[in-house]
1. If C:Ser176 satisfies every condition in (1) assigned to a loop (DSSP other than H, G, I, E, B); (2) hydroxyl-bearing (Ser, Thr, Tyr); (3) open to solvent by 60 Å² or more (accessible area, probe 1.4 Å) but one, which is the exception?
2. Name the residue that is nearest to B:Gly341 (Cα to Cα), counting only residues in region B:259-296 that are surrounded by 16 or more Cβ atoms within 10 Å (Cβ to Cβ) and of a type in the set (D, E, K, R).
3. Just give me the residues in region C:182-222 being in contact (Cβ under 8 Å) with a residue 40 or more places away in the chain and of a type in the set (Val, Ile, Thr), in sequence order.
4. Regarding region B:189-196, can at least one residue be identified that is surrounded by 15 or more Cβ atoms within 10 Å (Cβ to Cβ) and closer than 28 Å to B:Gln70 by Cβ?
5. Limited to region C:208-249, what total is found for residues that are part of a loop (DSSP other than H, G, I, E, B) and farther than 24 Å from A:Asp180 by Cα?
6. Just name the residue that is surrounded by the most Cβ atoms within 10 Å (Cβ to Cβ) out of those in region B:217-258 that are in contact with a Phe, Trp or Tyr (Cβ under 8 Å, 6 or more places away or on another chain) and among the polar types (S, T, N, Q).
7. Looking at A:Ser68, A:Ser100, A:Ser73 in this structure, which one is among the hydroxyl-bearing types (Ser, Thr, Tyr) and surrounded by fewer than 21 Cβ atoms within 10 Å (Cβ to Cβ)?
8. With B:Phe231, B:Phe238 as the choices, which residue is among the aromatic types (Phe, Trp, Tyr) and in contact with a strand residue (DSSP E or B) (Cβ under 7 Å, 6 or more places away or on another chain)?
Amino acid sequence: MKIVACYKIVPDAQDIAVRFDGSLDLERSEWIIGEYDLVAIEAATRLAEVSAGSAVLLSAGGKELTDSKLIKSALSRGAQELYCVVDQAVANADAFQIASVLAQALKKLEYDLVICGEGSSDLYAQQVGPLLGSLAGVTTINAVSKIDIQGNAVIVERTLEREVEVLQLALPAVISVTTDINLPRIPQLKDILAAGKKPVTIWSVSDVGALPPSNVQTVSTRAPSSIERQQVIYEDASEENIKKLALDIKAAR
Amino acid sequence: MDFKKTEEQELLLESLRTAYQRANLEEYFKACDRDHVFPEKAVAAMVDAGIPSLGIPEEYGGTEVDLLTQVMVAEEAYALGWPSLCWVNYSTEVDDILTFGNKQQQESVLNYALRGIKPFTLGFTEPQAGSDSAAMATTATKRDGKVYINGNKTFNTSADRAPYLLCVARSGINENPYKDFSMYLFPMDRPGISIEKLDKIGNNMCGTFEVYLKDVECDPSDLVGEEGKGFYQLMKNFEIERTTICSANVGMARCAYDEAVRYAGQREQFGKPIGSFQLIQEKIVDMRIKIENMQNMLYRTAWKRDNGQSISIDSSLLKRYTGQAAFSVIDDALQIMGGIGYVNDCRISRLWRDQRVYRIMAGTEEIMVHTAGRALLKEAL
Amino acid sequence: MNNCKNIWVMSEAAKDYPALCTLARTLCTTEDAKVNALWIGSTNDQAALETAGADRLADIERSEEELFENYSGCAIGTICGDSPDAVLLATSKRMRLLAAQLAAALETRVINDATALVQEEQGLLAEHMVYGGSALRRERVSRAPAVVLVSDSLLLALATDDRATATTTVSERIVSPEGSSGITLQSRKARTVEAVNLASVPCVISVGRGFEKQEDLQLAQQLADCLQAEIGCTRPIAEGMGWMSHERYIGVSGAMLKPELFIAVGLSGQIQHMVGANRARTIIALNNDKNAPIFRQADYGIVGDLYAVLPRLSEALR
């Protein structure tokens, strides 16, 4: 089975700072692979292993995507090859635009199954997978928590809010997987060393098609106003302090 | 000159950090330290992440990598809070056996190392022979085609867990003790071996023992390297050991520094963070200088070894300097923490107890003067 | 988008329609604007839907045994064929998929998880969280149609419009052609979802990785018993360790709460978690690391080992 896993690189949320005016400072944030996308990569790799197939990676983004450490990081997780569409215009693209570019790129690849993460770790719109499948005109499903290959059929479990569906998918298909489908592997040194030798194909947007316009404009991105807190901190857990804290809790109820 | 880590080294360190964080070890280490138990669960997490395989040849299932990367990984683990004497990458033991061991010895030792198990405890120090190695009295006596070991070793780390003893003993073939030592590798469960635990002030997670050897029967094939060359082999072992253990000095110092500096920025006294006081800032600056120095020395020594240069002087300088510098950094970190630093709940108190032994073990800092001092004078002539 | 006079609303649950219709009305720019409701489901809910406040109800009949997604094509065809200015969907996993399919057909993107949605002079303005809760992003739709997934919290906050019951709803039954989603439903089982709704309880204790073993969570339970509180957790506890069900996970991709009292035990206070609890009236923190960010977000806090503090705190509250 030929499998494609998609990923997005995102600024590491841990290092996002808020400026005094409430705007965000992303400068100290390193680019990392989205944590939900690591799950998609892992799912693709495991599936390729059990189906004696192949797993390749596909991404679209700005020039940061071609950072060789990030490429090695992506390829150290089991996939054989990487394709990426790199263009500054894609760096700030919205989910529809990214999905369009990915759908165009997908036409250049042979695939049975495309696996996306549940959402990106920065915007978490959970839209690229469903949009990609719709735009590619193939079977599309989200919230997949288990994948089984039975002969030529792909059977998935889909975990919704109140029910679990067992679905058989006609291929090709695009699926988004939930985080409980697996725990992504930790790359070992031999995987990291091997990653540097794997083929990488870089396309520009015009190589695959074109970036559609967006009909939504960002007005502002600001940290939400926070509630002023009392900030009474007892620095040691003495009997007296515990009693004080208990009184604070009682008063707050 | 390039001070940047390679991308591969950075990614490997990221993997280490992920494995460490996933295993949720902080509380666990605290409990192991309190209960004096070896942190098996933590080791298992590192084995899953493939860390022990670093530096073991591919033919034995490992991943070949230079000593520099190995010390960086160990340093990072200690900086995250890994307990000393418990690291899973047995670079010294692996190097020993690859240099001097026979095929069969290599297979069994490397197989244990691959699984994060300390393959052997080194039987070198004896009650009357510490820095004065020539005073070693354990004997290896040949009789009826066998070799019998008799003697008493001490300060054997992990003698309760390590499957083998690498025992240094006098063969009785040369008057000059330096030309009389031989090394034997044999399982710790052989008849005639008994151990007794020492009650130490720190390093609670790794037991240290006295080992008694009474007519322990060995086969001549248990010999490691050449008969009578044991002392020379030991010196080679020490160069590597002195380098690799110093990653603990650098890492533990970083661990204490990180915690103390964060605290200095938060803890308020007299209405401002204590970090705003110059007496605290001076400590922080001097701690940082020592850390930078230690790290540079450590990396350079490993780099020299990787590039085939002699590290006999470097390893002694490194061992002496980092042992003292790390001790002073951790001590200052504890001082910055104040009373909190002295309670067992604070990790720095463990580092303070545990690091002290690095100024003693694997060659005291005084012996480092002895080994490097003569060589440096010779170098100047 | 200065003209908004044809809006469609849709949800998986009939109960969401009154709020959706109310929201839709606030976005209309003309008196004669139409609010249309689309429903895929059984006719049992007909009566409730007809009094939800829509001008028109398009009812795509589906029996419970059939896969919802096989009717998505029909729903999308119906909505797209009516040239909508906006489509509002109540957020759920199914609706996320359907919204994307709709957006693909309309060649636009979806505005997801909108926590605020207003009609302004320059067009529709929406607000939603980004960067794991670190920021709120405001976005404007510059060209119709707009496809919006409306967050639960926005729907809950909407009082049903008086006009709702007064509106006469014209119903039409739509028979879907044979589904062609490429998906065959093999079986379906109800999830053994833990019957806990953290959003509805006044006091929540959240636990993090400061707990070493799953059994140790009983220390938090003892405190919860004293306070009639429910226990929630950080993502690693629910997903990495699997010690608690997803329903108890608080944070950006989990429950979003606004309790009277929130007690954080053994967690550092990362934004991805705290975004689900930082609207609490009072926040209490217990952590052994004085430098943990949680203390900067707390009203009251105590630095100490949770294993030592929790039992004594429970005792003091008993």
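1. Going through the list (1) assigned to a loop (DSSP other than H, G, I, E, B); (2) hydroxyl-bearing (Ser, Thr, Tyr); (3) open to solvent by 60 Å² or more (accessible area, probe 1.4 Å), C:Ser176 breaks only (3).
2. B:Glu259
3. Those that are in contact (Cβ under 8 Å) with a residue 40 or more places away in the chain and of a type in the set (Val, Ile, Thr): C:Ile183, C:Thr184, C:Val193, C:Val196, C:Val201, C:Val204, C:Ile205, C:Val207.
4. There is no residue in region B:189-196 that is surrounded by 15 or more Cβ atoms within 10 Å (Cβ to Cβ) and closer than 28 Å to B:Gln70 by Cβ.
5. So in region C:208-249, the residues part of a loop (DSSP other than H, G, I, E, B) come out as C:208-213, C:228-229, C:234, C:241-245.
Then drop every residue that is not farther than 24 Å from A:Asp180 by Cα, which leaves C:228-229.
Count: 2.
6. The residue in question is B:Asn249.
7. Details: A:Ser100 fails: surrounded by fewer than 21 Cβ atoms within 10 Å (Cβ to Cβ); A:Ser73 fails: surrounded by fewer than 21 Cβ atoms within 10 Å (Cβ to Cβ).
Testing whether each residue is among the hydroxyl-bearing types (Ser, Thr, Tyr) and surrounded by fewer than 21 Cβ atoms within 10 Å (Cβ to Cβ) leaves just A:Ser68.
8. B:Phe231
The values are calculated or read from the model by the stated rules, or taken from the named source; none is laboratory data. None of these values were measured; they are calculated from a predicted model. Neighbour counts run over all protein chains shown; Cβ positions are idealised from the backbone, glycine included. The area values use the complete protein model at the heavy-atom level, side chains included, leaving out ligands, DNA and RNA. Shrake-Rupley method; radii C 1.70, N 1.55, O 1.52, S 1.80 Å.
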